[in-house]
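Data block below; observations after.
The values are calculated or read from the model by the stated rules, or taken from the named source; none is laboratory data. As the structure is a computational prediction, the values presented were derived from the model and not from experiment. Counting neighbours? That spans all protein chains shown, and the Cβs are built from the backbone with ideal geometry, glycine included.
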Amino acid sequence: MSLEHYLVLSAVIFCIGLYGALSKRSAVVILMCIELMLNAANIALVAFSRYITPTLLTGQVFSIFSILVAAAEVTIGLAIIIAIYRRHETIDASKINLLKW
Amino acid sequence: MGLEIAFWVLATLMTASALAVVLLPNIFRSALALVVCFLAVAGIFVTLSADFLAAVQVLIYVGAIAILIILSIMLTKEVQHGNLSNKLRLPSFIICAVLLGITIFAMLNTAWPVSAEAPLETTTSTLANILFSRDGMFLLVEIGGMLLLATIIGAITIVRDK
Amino acid sequence: MQVTMPNELVWLIFLLPLASFIVISFITRLLGNPKFSGYLSIGAILASTCLAFWALFSVISSPHHELVIPGFKWLFIDGVIDIRLGIIMDSLTAIMLLVVTIVSLMVQIYSQGYMHNDPGYHRYYAFMSLFTASMLGLVLADNLLMMFFFWELVGLCSYLLIGFWFNRPAAANAAKKAFIITRIGDFGFLAAILLLFSQTGTLDIAQLHGLAVAGTLGGAALTWAAIGIFMGAAGKSAQFPLHVWLPDAMEGPTPVSALIHAATMVAAGIFLVARMYPLFEHSPEALLTVSIIGAVTAILSAGIALVMTDIKRVLAYSTISQLGYMMLGLGTGGVAVGIFHLFNHAFFKALLFLGAGSVNHATGTFDMRRMGGLKKIMPWTYATFLIASLSIIGIWPLAGFWSKDEILASALENQPVLFVLALITVFMTAFYMFRVVFLTFGGSYRGEGKPHESSAVMTLPMVVLAVLAIVTGLLNVSGWFGSFMGHGETHGFIEGFFGIFSHPLTWVSLIMAGAGVLLSYAIYSARWLSAERIGKLFSPVYSLLSRKYLLDELYERIIARKIFYEGLFSGLSFIDSHGIDGLVNGAAASINNAGRRARKTHSGQLQLYGIFIILGITLIILAMFIFG
């Protein structure tokens, strides 16, 4: 197996996640897709770590922090989704347009 | 050889479950597909000889994040609506395809400085040394702890009834 | 016994006052006891003075009258720019260091008396230290960028000190005026630096000298660079027509005036021309410009000094006039001639200002019409002031005589027309200086209150400076100063001391000076002639002089009001309100309309924004592939 295999796999997963994040209505699904993107990035980091610095583990340390941030992000994201659901009775991202002028 | 088979199986499983997350009409099912995908990622980590990260992946993503997501799907009664798409389906598809194309092009056309060294057999103690040693990343680990604490407090504050 | 100075100590000359500035502004200011700041500042400058003497002796005993001191790397881009942080330590620097440190030391000691009980005591000494430090840095700098840096610092400090009593509107305005007018000159200096850099790719002064001497740097570029540098020098050294700030600078505390006029601010311009002299030497046009401006400045400002009634203003115009002499000396005679006058002038002019400050301290006024008869009351002040006056008008064998005589001689040799102007100025100088002496110290007291002699802390520096004002001229009696500066030959001391009378020029200049004193005596002391009647007789001239050739009016009313304010600015204002505002309003309106339409796309839909973000990223990556 070569580095390129893993990178292409990571790119594929990333773009699937991106497509979902851009095109889905439900905020929870958007969040799920963002998790997919983060996982794709982790795959790339670990692959780089395995093939370029096999003994230093730089990429693995990096992905540990990335997982940590992902955990924090999903917690806050879901808290916001629930707060919005309580207020608006919906989590349809195309109906939540609080950013609109 | 065994590694190659494992990679292709896991890669196929992962792509399929990722597509399932996006395409399945039922949100609950797509959440389950997400769990499968997370597990596949853990498997990929094993093929990359990142044993500790594979364990972390299972614990945090499968054990915590996936559960949280399923919980919030149930709390918000989203299952009734189904996994709908918005009006931007086509433009997002095009742009993601283009991005995928150029990313793959860039990845295949870069000369990566691949090292010939064999990977470490076990990574846990090395990682621990990097993360917790005096001249390592101990401060960052502490900051990460602070971040999680702040997240918990923030999440409670946001969700709390007034 | 001669120990050459270690390189580190040379840096200390400039770093000590700087350190004193920092310590005063951050530490002793908070301790509350003002005395401490004063002692600290004086201690620092005293140490610098000792080091400056050491540096001078080291330079004298070194083979080419120059210490080579390695610099530090500062701004470095390979092959493009290499600016080092370095020091030149040659004869010119050594002499200037001595002038700056001695005068600064005397002024700071004197300030102990003059400024006591002033609420801004800490601030005063902090600024004084910074002022001295930046002037020392300017003198030591070995490249134009560093020099410009300290040049601006000197300007800033003079702004701060002239406006020291900033709650007086006059002082605040004077500070602004000084800053803005010197800025006009600085523009020329900066342009010259950029021109030199674009032509040669270096800012190192020694290298520029080499290029000018070798002829690599020549022609129009050299001339323009030299004229630009001179423009900067003219601004700082108050040369016509940029001299108008200096008289107003009298609003600062008197010791500050002494420092500005003798050793720091105005000397910076003369020093700059002297430092860049090889550039001027190879451009006859630039040299001629320097000479003409110098001579014209000398005579015009001497004219104004004839009629001023404020003692400090007379001295201010006299400074401008003497600076004109220095420029004339540089233009016709070379570095040694100009700098020698600067060297002598520094001491007697500082002394004159300290004397004026002492008189002011006693009488509470600067108006000479309300003084008089102070000869008996303030004997020390009178004696030292008289010595300085005799020195400035060039009476043998005081300091001023020797340097002024050399300037006259070199002017006669190279520019006879300018020589005539300079000679008339000698007469005028004698007249106005003795007018000050007679009005202030002669006759009977016309002011209020009971004046008294100043305290020893003020008279002591004056006595030291008076001794210097007598003896510094003797340095070049045997031609030593000239040969130290790199040209001229030495001869016997006695031969030079008395042999000077074999030149007819000496007699001519002494007679002119004597005539000036005599006329002044006739009008202001013996009263054979009435000042009022003479004033009436020449009333157009008198009013022209007392209104300073209407230059302030020209600048303020005509240039500032009519040309800039009513002409240029109102024109610009019309363009602004109709053209540019129209453009802006039109643009704003169309953007408004566009925005009204674009608002529809601005839907609050997060995912749409996401699409645009990804689109942007994709385009950037594509652009990198195509163009990178």
Checklist line | Any hit, the stretch C:59-78, residues being on the phi > 0 side of the Ramachandran plot and free of Cβ contacts under 8 Å to residues at least 40 places away in the same chain | finding: no
Notebook entry, point to check: Mind checking whether some residue in the stretch B:58-75 is surrounded by fewer than 20 Cβ atoms within 10 Å (Cβ to Cβ), among the β-branched types (V, I, T) and at the interface with chain A (Cβ under 7 Å from one of its Cβ atoms)?
Noted result: yes
Item checked: C:T49 vs. criteria under 16 Å from C:A133 (Cα atoms), among the polar types (S, T, N, Q) and either in a helix (DSSP H, G or I) or in contact with a helix residue (DSSP H, G or I) (Cβ under 6 Å, 6 or more places away or on another chain) (or both) -> yes
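Yes or no, residue by residue, for (1) surrounded by fewer than 24 Cβ atoms within 10 Å (Cβ to Cβ); (2) under 19 Å from C:A295 (Cβ atoms):
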residue	(1), (2)
C:G372	yes, no
C:I377	yes, no
C:S389	no, no
C:F427	yes, yes
C:A430	no, yes
Next item on the list: Taking the options C:A172, C:A178, name whichever one is surrounded by fewer than 21 Cβ atoms within 10 Å (Cβ to Cβ) and assigned to a helix (DSSP H, G or I).
Entry: C:A172
Notebook entry, point to check: Only one of A:V69, A:V46 is in a helix (DSSP H, G or I), more than 7 Å from chain B (Cβ to nearest Cβ) and modelled with pLDDT of 90 or more; which?
Noted result: A:V69
Next item on the list: Please work out if C:L30 is under 18 Å from C:V100 (Cα atoms) and either among the aromatic types (F, W, Y) or not in a loop (DSSP other than H, G, I, E, B) (or both).
Entry: no
Note to self: I'd like the residue in the stretch A:72-89 that is more than 7 Å from every other protein chain (Cβ to nearest Cβ) and either in contact with a Phe, Trp or Tyr (Cβ under 9 Å, 6 or more places away or on another chain) or assigned to a helix (DSSP H, G or I) (or both) and, out of all such residues, is surrounded by the fewest Cβ atoms within 10 Å (Cβ to Cβ).
What the structure shows: A:R87
Item checked: Filter result for the condition that a residue is in contact with a helix residue (DSSP H, G or I) (Cβ under 7 Å, 6 or more places away or on another chain), buried (at least 19 other Cβ atoms within 10 Å of the Cβ) and more than 14 Å from chain C (Cβ to nearest Cβ), over A:V12, A:V8, A:V29 -> A:V12
Note to self: Step by step: first the residues of the stretch C:483-523, then only those that are in contact with an Asp or Glu (Cβ under 8 Å, 6 or more places away or on another chain) and not aliphatic (A, V, I, L, M), then the one that is modelled with the lowest pLDDT. Which residue is that?
What the structure shows: C:S483
Next item on the list: Tell me which residues, restricted to the stretch A:2-38, are outside any helix (DSSP H, G or I) and closer than 17 Å to B:I73 by Cα.
Entry: A:K24, A:R25, A:S26
Item checked: Selection status of C:G38, modelled with pLDDT under 85 and farther than 19 Å from C:I102 by Cα -> no
Check: In this structure, is A:A21 out of contact with any Leu (no Cβ under 6 Å at 6 or more places or on another chain), more than 7 Å from chain B (Cβ to nearest Cβ) and buried (at least 24 other Cβ atoms within 10 Å of the Cβ)?
Finding: yes
Checklist line | Breaking point among (1) at the interface with chain A (Cβ under 10 Å from one of its Cβ atoms); (2) of a type outside the set (D, E); (3) within 23 Å of A:R25 (Cβ to Cβ), for B:R29 | finding: (1)
Note to self: Return the residues of the stretch A:59-99 that are in contact with a Ser or Thr (Cβ under 8 Å, 6 or more places away or on another chain) and touching a residue at least 60 places away in the same chain (Cβ under 8 Å); say none if nothing qualifies.
What the structure shows: A:I91, A:D92, A:A93, A:I96
Next item on the list: Mind listing just one residue for me: the one in the stretch A:49-66 that is more than 8 Å from chain B (Cβ to nearest Cβ) and either of a type in the set (G, A, S) or over 13 Å from B:L127 (Cβ atoms) (or both) and, of those, farthest from the chain's Cα centre (by Cα)?
Entry: A:G59
Check: Hey, any hits in the stretch A:34-41 for a residue that's β-branched (V, I, T), out of contact with any Asp or Glu (no Cβ under 7 Å at 6 or more places or on another chain) and within 14 Å of chain C (Cβ to nearest Cβ)?
Finding: yes
Checklist line | Search result, residues across the stretch C:181-198 that are without any contact (Cβ under 8 Å) to a residue 60 or more places away in the chain and among the aliphatic types (A, V, I, L, M) | finding: C:I184, C:L190, C:A191, C:A192, C:I193, C:L194, C:L195, C:L196
Check: Can you find even one residue in the stretch C:238-245 that is assigned to a loop (DSSP other than H, G, I, E, B) and closer than 25 Å to C:L98 by Cα?
Finding: yes
Note to self: Out of everything in the stretch B:38-57 that is surrounded by fewer than 22 Cβ atoms within 10 Å (Cβ to Cβ) and in contact (Cβ under 8 Å) with a residue 60 or more places away in the chain, what residue ends up being farthest from the other protein chains (Cβ to nearest Cβ)?
What the structure shows: B:D51
Checklist line | Among residues of the stretch A:49-70, those that are aromatic (F, W, Y) and crowded, with 22+ Cβ neighbours inside 10 Å, counted | finding: 1
Next item on the list: Tell me, yes or no, whether the stretch C:43-50 has at least one residue that is surrounded by fewer than 22 Cβ atoms within 10 Å (Cβ to Cβ), under 12 Å from C:M5 (Cα atoms) and modelled with pLDDT of 85 or more.
Entry: yes
Item checked: Whichever residue in the stretch C:239-284 is among the small types (G, A, S) and out of contact with any His (no Cβ under 9 Å at 6 or more places or on another chain) and, among such residues, is surrounded by the most Cβ atoms within 10 Å (Cβ to Cβ) -> C:A258
Item checked: Selection within the stretch B:103-162 - within 10 Å of chain A (Cβ to nearest Cβ), of a type in the set (V, I, T) and in a helix (DSSP H, G or I) -> B:T103, B:I104, B:T126, B:I130, B:V141, B:I143, B:T151, B:I152, B:I156, B:T157, B:I158, B:V159
Checklist line | In the stretch C:223-238, the residues that are under 15 Å from C:L208 (Cα atoms), surrounded by fewer than 24 Cβ atoms within 10 Å (Cβ to Cβ) and of a type in the set (A, V, I, L, M, F, W, C) | finding: C:W224
Note to self: So, B:S92, is that one more than 7 Å from chain A (Cβ to nearest Cβ), free of Cβ contacts under 8 Å to residues at least 12 places away in the same chain and out of contact with any Gly (no Cβ under 6 Å at 6 or more places or on another chain) or not?
What the structure shows: no
